[in-house]
1. In segment 45-82, which residues are more than 28 Å from residue 142 (Cα to Cα), of a type in the set (A, V, I, L, M) and not in a strand (DSSP E or B)?
2. Looking at (1) over 19 Å from residue 246 (Cα atoms); (2) out of contact with any Asp or Glu (no Cβ under 7 Å at 6 or more places or on another chain); (3) β-branched (Val, Ile, Thr), which one does residue 312 not meet, given that it meets all the others?
3. Mind listing just one residue for me: the one in segment 212-241 that is in contact (Cβ under 8 Å) with a residue 24 or more places away in the chain and of a type in the set (Lys, Arg) and, of those, surrounded by the fewest Cβ atoms within 10 Å (Cβ to Cβ)?
4. If we scan segment 316-325, do we find a residue that is assigned by TED's automatic domain parsing to the domain that holds residue 156, among the polar types (S, T, N, Q), more than 26 Å from residue 354 (Cβ to Cβ) and in contact with an Asp or Glu (Cβ under 7 Å, 6 or more places away or on another chain)?
5. Could you grab me the full set of residues in segment 272-289 that are touching a residue at least 40 places away in the same chain (Cβ under 8 Å) and among the β-branched types (Val, Ile, Thr)?
6. Go over the candidates 185, 275 one by one and state the one that is assigned to a helix (DSSP H, G or I) and under 19 Å from the mean Cα position of the chain (by Cα).
7. Is it the case that segment 163-170 has a residue that's farther than 30 Å from residue 31 by Cβ and in a helix (DSSP H, G or I)?
8. Please tell me if residue 27 is small (Gly, Ala, Ser), over 16 Å from residue 130 (Cβ atoms) and outside the structural domain of residue 173 (by TED's automatic domain parsing).
Amino acid sequence: MQTIEATAPPVGMILGAGDVRIWGMSARERLRRTFTRAGLAVADAAPGSGGVVLALGGWVYDEALLATLAQRPDAVLLTEEGQAVAAHVPAGRATDVAAALERGVDPGGLQPLALAELAYNSALRKREPPVLVRLTPQNVRAVEARTFAGSYKGVTDLVTKYWWPAPARIVTRWCAVAGLRPNHVTFLGFLLVLAATWLFWNSQFGWGLVCAWIMTFLDTVDGKLARVTLTSSKLGNVFDHGIDLIHPPFWWLAWHVGCEQLGLRPPHAEIALAVILVGYVLQRIEEGIFMRLFGFHVHSWRPFDSFFRLITARRNPNLLILTPAWVLGRPDLGIYLVAIWTGVCLVVHGAQLVQATAMGRARVVSWLAR
């Protein structure tokens, strides 16, 4: 039996038409992007040597499946029902294996790649089966819903996790069909960050909250659009996460200034603001130290840590505090409440770091990866 030399880079080959459209593109185009993002050149015919990753064009694959298959010579990807849909084989076997895949039979002589191996997604902090489904005109919407759900972080704040998914999937599809890129959505969100900051600073809290909440919604849409259309980029990732990291303290500072301009100057307001700003920085440092020491997010360590991420003093939970404070006519009180909650969260994250350090690296493992 032929084997693949370890140093030979594989190429990708798409079998069949794959004309059914999903997220504004054909299944074949989606598969081409998946190959490209896995570092595989896409060819119409097998090369004379090296390895070939063959995949049926009418199927939707999780990125991790083909990326892993590309690293597994002499392997075949099987569905839960046992159907062979993709394989990594030597170039000399490409024709025979392609014919077997198109007939829906196991080519034989290959090591099966189990879906269960890739159930844990560390980047999205969750455990769920990877997407692998045949696309038909009848199941497009269901597959879109499945791939959208697959693009969602499992551990995040309660607004993003429970409020935004349904409307975000609708808007994400509109953007995909219209050909909008994730960076277009991110840039619009950036403009709303500036607008909210200006409005808070000038005591226009109501309109500022409108801009802020729309921005948080778009912050959900851009990431999901990037994942479902396979158009994420390093630059876009830096742009998006850079905005997310930097802007919240400026919102809280602007809110404080806006309160002062209304004559709302309760005692020790500057101390409350200092707690918010310094606490935000220290909390992110604590999270960064945990990631550096243990290789994964502190919010993915134990069930309690994942729960606490829902409500920890980040942007969206803080907005949930400030919004009713404004509705009740006491935006200044909102600053105090955010300061108290920031202090509590800072202590909790500090305790997490101390506990993990005391246990040692070998014993600190994400509960989602077990």
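The values are calculated or read from the model by the stated rules, or taken from the named source; none is laboratory data. Fair warning: this is a prediction, and the values are worked out from it, not measured in the lab. Every residue, glycine among them, receives a Cβ derived from its backbone with ideal geometry; neighbour counts consider all protein chains shown.
1. 45, 46
2. If we test residue 312 against (1) over 19 Å from residue 246 (Cα atoms); (2) out of contact with any Asp or Glu (no Cβ under 7 Å at 6 or more places or on another chain); (3) β-branched (Val, Ile, Thr), just (1) comes out false.
3. Looking at the filtered set, the residue picked out is 227.
4. yes
5. 275, 276, 289
6. The match here is 185.
7. yes
8. Yes.
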